[in-house]
Every structure is written in C-alpha cells, then in structure tokens.
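S.K.: Structure in structure tokens, see below.
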Amino acid sequence: MKTKYDLLIVGGGVLGTFHAYHALNKGLSVAILEQSAMPQGATTRNFGQVVPSGMNTKWQNYGRESLRIYKKIQKLFDITIRQNGSVYLASNAEELQLIEELAAINKQNNYTSKLLTKGECLSKYSGLRADYVQAGLFFPDEVTVEPRTMIHRLQQFLIANKKLDLFSNTKAIHIDQSTDEVSITTADGRTFSANQTLICNGSDFKTLYPQLFADSDLQLSKLQMLQTKPQQNYTLPGSILTGLSIRRYEAFYECPSFNEIKVKENLDSLEKKWGVHILFKQAADGSVILGDSHEYADADRIEDLGYGLNMDIDNFMIAEAKKIIDLPTYEIQDRWYGIYSQCKTQDIFLKTLGARIHIATGIGGKGMTGSAGFSKEHLNTILN
C-alpha cells in the first residue's frame, strides 16, 4: 500500500476534496484521509444550492469559478449538477429595493441576473402565493446539486480519472513535522507521510490541535432542515430564496440601502431568535427541502448545541414556508440538522504550522458554493 504522497488531506468534505481535485490536476500524488465510511458533515447535510449571488464580491468571484468547475466536471461525469437558476423573492417594498440595488451591482460585476415582475414570478414558480411575492431577482447560471450524493460522485470521478487515493474509516489522530516531510498517524495504527498536509476538519475541533481551535474565533452553527414527501406532478425549478434570505445574505450588505433597512428589524422576533430564513429546493425525487435555522456555540462547546431537533423551530419554519408557496403537500418525510464551522470575525480560518502543515476550515455556509473556486487559489498559496 502506498503511504507517501505529495499532499495528504485530512477530511473528505467538499473543501478537502476540491483541494485534492486541483492538486491532482497539477500532477501531484494526493490522498484523502476520511474518518468516516463516507463524509457525514455539512457537505452532505445542506440544501445543495450553489449560489454565488448570495456572496459578497470576494466570495462571489470564488463562487463563479466554482460554477465553471462544477459544470466542467459534470460534462465528464455525472456529479448531480442541474443548471436551473436561483431566485430571490421580495415580499415588500424594502426587499424590492434591495434586489433592485443588487441587480445594479451584478451588472457592474458582469454577473448575469434578471429582475422578474410579480406576474413573471407567479408564472415561473407554481404555487407561489400572490399575497407574498412582489418581484424577484433571477440568476440563470446558478446550479443545484444533490448534497447526499454529490461528494461521493466527485470522489469516484477523482479516483477513476485522476488517481486519487481515498482512505475511508481512517481517522488522523497525530501529526509530526520534520524538515523533510509530515507524518500522520491514524487511529488504526497506520502511518502516512507527505511533503505537505492540509487539514480540512469541518466541525471536528477535538482531535487535532484542540487548544488552537479553542483559542480561535471559530464557532459552530447548527442548522435544522426538513424534507417533504415527493410532490406529485409538481415542479419547483432551482433554488428559491425568500425575503428573509435577502435580509441575511452577505451580497445584500453591499447594497446602499441595506444598513438603513436592517436597523429597522425586530430583534425579538422568532426568526431572529432562531436565525431562520426560508429556502426551498426540490430534490431529484420530487420532494422539497426547506429550512433553515441557525444556533451557535463556540468551537470547543459543540455539546451546547444538543443532539435533538427543536420542534418549535421546525413548526415555525413550516408555517412561514406555507405563507410563501402552496406546495401540494407539506407532509414531512425527513428532518435533520447539520453543523458547520465559521469564524466570528473572518471569512475563513486559515493557519500554517511550520512549513508543511496547513489548516483550512470555518468556511461557514459558503462551502458548497465557494470551495471549488477558493481551493484553486488557496492551493497555490500553500504549495509556494
């Protein structure tokens, strides 16, 4: 068994796997050490919405590069990419003002978007309530993925076509660095070595360098999501983002009116208390994923988030969703939560220990959208 590589990556989520993709394209030998049988973290527990439109200018650029990468791979191998666009639905005059301002910003950035009238929104999105929507902003180039299968398909592609070595059920528990290489010991007693190591550990902050993470500004966010039963003879195309998303996503922070509108919000509302904004995405089986909420804990306090689902949050999200779209059924077939890490004061946590050990985590809710583009640039930084 080969155990020496140019690059060893700890963590097989979307951020680690796309670093592997770019390294393999450079002709490097790469292995991923994944602690589970398959990735179980935020990469597989999200909506599967790839929405550069929601990012600030810096991350929108990463997201746009991600779109190009996703579509390039999809032409070669089915990784579940569907290009069916994203829409932001404004429910009142303030949200309408924000989407109009974002449309102007997108025009300056040469990112294609189209303002939709109320009638166009109602025509395009079946079941959308006329007493909710005022207008929409549509992004035709954006895509969706099936999050529970995309990462596995991507890794299959890299194994078959790029010679990736993927070691599942392989938990890295200790790392040593010398002047010549990095050595990683795993829980089952194996040793791997490499010229460079990248740690993309998601929300696992208690195995490697726990004190480093405890002293950082990293925090964990717990998101609750629901999935309806398959909707019979019903199609909801693309990613549906609503008024609360307009008030939450970083792209809108750059709009001239954002601060004036934001300061008027009721901080005691339930959506503020639970960090709720309502999203919809129809899965390949016809079901609709909806959510989500946000509860926070420091990086070393994951237990504070609990292991249960708060049914008051779920019921609130369903009630709010029903005010937006009349689905054929709101009968729920699945409920779950995901946990991702993010920084309180930075957009991502990056750290280099010595010359050969690199950490990239805390990408927050930007992982599915931004990882492919960000990792391309970041890899060049750590290899130089």
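S.K.: Taking a spot 7 Å from the Cα of Lys2 along the direction of its beta carbon, which residues of the range 186-205 have an amide N less than 19 Å from it?
M.R.: 190-198
S.K.: Residue separation times 0.36 nm, minus the C-alpha to C-alpha distance between Ile332 and Thr235: what's the value?
M.R.: Working: separation 97, 0.36 × 97 = 34.92 nm, distance 1.73 nm.
So the extension gain works out to 33.2 nm.
S.K.: Read phi for every residue in the range 85-90 and hand back ³J(HN,Hα) as whole Hz from Karplus 6.51 cos²θ - 1.76 cosθ + 1.60, θ = phi - 60°, with x for Gly and Pro.
M.R.: Taking θ as phi minus 60°, the curve returns x, 10, 9, 10, 9, 8 Hz for the range 85-90.
S.K.: State, as an integer percentage, the relative contact order of the range 69-132 based on alpha-carbon contacts under 8 Å between residues 6 or more apart. Can you show the working numbers first?
M.R.: On the way: 22 pairs, mean separation 10.5, N = 64.
Relative contact order of the range 69-132: 16 percent.
S.K.: Please report the net charge: other residues with Cβ closer than 14 Å to the Cβ of Asp78, K and R +1, D and E -1.
M.R.: +4
S.K.: Okay, moving on. Please give the calculated 222 nm ellipticity per residue for the chain, where each DSSP H segment of at least 4 residues contributes -39500 (n - 2.57) and the sum is spread over every residue; nearest 500 deg cm²/dmol? List each step's numbers first, then the result.
M.R.: Numbers: 11 runs with 118 residues, N = 384.
About -9000 deg cm²/dmol.
S.K.: Kirkwood Rh, Cα Rg: Rg to Rh for the range 253-384?
M.R.: On the way: Rg = 18.6 Å, Rh = 18.2 Å.
Computed over Cα atoms, the ratio is 1.03.
S.K.: Continuing with this model, one more query. Could you grab the relative contact order for the chain? Cα pairs under 8 Å, six or more apart, rounded to a whole percent.
M.R.: Working: 822 pairs, mean separation 100.6, N = 384.
That works out to 26 percent.
S.K.: What list of ³J(HN,Hα) couplings, whole Hz, do you get for the range 215-224 from phi and the Karplus terms 6.51, -1.76, 1.60, once you set θ to phi - 60° and write x for glycine and proline?
M.R.: Computed from phi, the couplings for the range 215-224 are 8, 8, 9, 6, 9, 10, 10, 9, 10, 9 Hz.
S.K.: Using modelled amide H (1.01 Å from N, peptide plane; none on Pro or chain starts), what sits under 5 Å from the amide H of Tyr5, excluding residues fewer than 5 places away?
M.R.: Counting only residues 5 or more places away or on other chains, the set is Ser193, Ala194, Asn195.
S.K.: Have a look at the DSSP beta bridges in the chain and tell me what percent are antiparallel, nearest 5. Kindly include the intermediate steps, with their values, before the conclusion.
M.R.: Numbers: 54 of 73 bridges.
Percent antiparallel among DSSP bridges in the chain is about 75.
S.K.: Under the rule of at least 5 residues apart or a separate chain, name every residue whose amide H is placed under 5 Å from the amide H of Leu128.
M.R.: Amide H neighbours of Leu128: Asp326.
S.K.: Okay, next question. Calculate, in nm to one decimal, what Lys264 and Thr57 gain on full extension: separation in residues at 0.36 nm each, minus their alpha carbon distance. List each step's numbers first, then the result.
M.R.: Details: separation 207, 0.36 × 207 = 74.52 nm, distance 2.49 nm.
Roughly 72.0 nm would be gained on extension.
S.K.: With the cut-off at 31 Å, tell me which of the pairs Lys72/Lys114; Lys229/Lys376; Lys171/Lys366; Lys118/Lys366 have Cα atoms farther apart than that.
M.R.: Those over the limit are Lys229/Lys376.
S.K.: A follow-up question, please. So how much accessible area does Arg45 have, in Å² to the nearest 10, using a 1.4 Å probe?
M.R.: 90
S.K.: Taking only Cα atoms of the range 61-138, what ratio of Rg to Rh do you get with Rh as the Kirkwood inverse-distance radius?
M.R.: Numbers: Rg = 15.0 Å, Rh = 14.1 Å.
My calculation puts Rg/Rh at 1.06.
S.K.: Once phi is turned into θ = phi - 60°, what whole-Hz ³J(HN,Hα) does the Karplus curve with 6.51, -1.76 and 1.60 give for every residue of the range 350-362, x standing for Gly and Pro?
M.R.: So the Karplus estimates, Gly and Pro as x, are 10, 8, 10, 10, x, 10, 10, 10, 10, 10, 9, 7, x Hz.
S.K.: Given springs between every Cα pair under 10 Å in a Gaussian network model of the chain, which of His277, His22, His174 has the largest fluctuation?
M.R.: The residue with the greatest mean-square fluctuation here is His174.
S.K.: How big is the range 148-298 by the Kirkwood estimate over distinct Cα pairs, in Å?
M.R.: 20.1
S.K.: If you find the alpha carbon centre of the range 112-132 and of the range 18-37, how far apart are they in angstrom?
M.R.: Cα centres, the range 112-132 to the range 18-37: 42 Å.
S.K.: Once you wrap a convex hull around the alpha carbon atoms of the chain, what is its projected area averaged over all directions, in nm²?
M.R.: On the way: hull surface 75.5 nm².
Its Cα hull, projected and averaged over all orientations, spans 18.9 nm².
S.K.: Amide H to amide H, which residues 5 or more places from Leu279 or on other chains are under 5 Å from it, using H placed in the peptide plane?
M.R.: Gly291, Asp292
S.K.: Sort 188-197, 49-58, 365-374, 260-269 for me by packing, meaning the mean count of neighbouring Cβ atoms within 10 Å per residue, highest on top. Before the final figure, lay out the partial values.
M.R.: Numbers: 188-197: 16.7, 49-58: 21.8, 365-374: 26.5, 260-269: 9.9.
So the peptides 188-197, 49-58, 365-374, 260-269, ranked by packing, come out 365-374, 49-58, 188-197, 260-269.
S.K.: Moving on. With a 1.4 Å probe and every protein chain kept in, tell me what percent of the accessible surface of the chain is carbon plus sulfur.
M.R.: 48
S.K.: What list of whole percents do you get for P(r) of the range 66-110, with Cα-Cα distances grouped in 10 Å bins up to the one holding the largest distance?
M.R.: Using 10 Å bins, I get a P(r) of 23, 31, 27, 17, 1 for the range 66-110.
S.K.: Compute a Gaussian network model of the chain, connecting alpha carbons closer than 10 Å, and tell me which residue from Asp78, Asp314, Asp285 fluctuates the most.
M.R.: Comparing Asp78, Asp314, Asp285 in a Gaussian network model of the chain, the most mobile one is Asp285.
S.K.: Given the alpha-carbon gyration tensor of the range 101-159, what are the semi-axes of its equivalent ellipsoid in whole angstrom, ordered largest first, with each equal to the square root of 5 times an eigenvalue?
M.R.: Values: eigenvalues 195, 71, 11 Å².
Semi-axes, largest first: 31, 19, 7 Å.
The values are calculated or read from the model by the stated rules, or taken from the named source; none is laboratory data. Everything numeric here is computed off the predicted structure, so don't read it as measured data. Glycine gets a Cβ as well: all are built from the backbone with ideal geometry, and neighbour counts include every protein chain shown. Heavy atoms of the whole protein, side chains included, go into the accessibility calculation; ligands, DNA and RNA do not. Shrake-Rupley method; radii C 1.70, N 1.55, O 1.52, S 1.80 Å.
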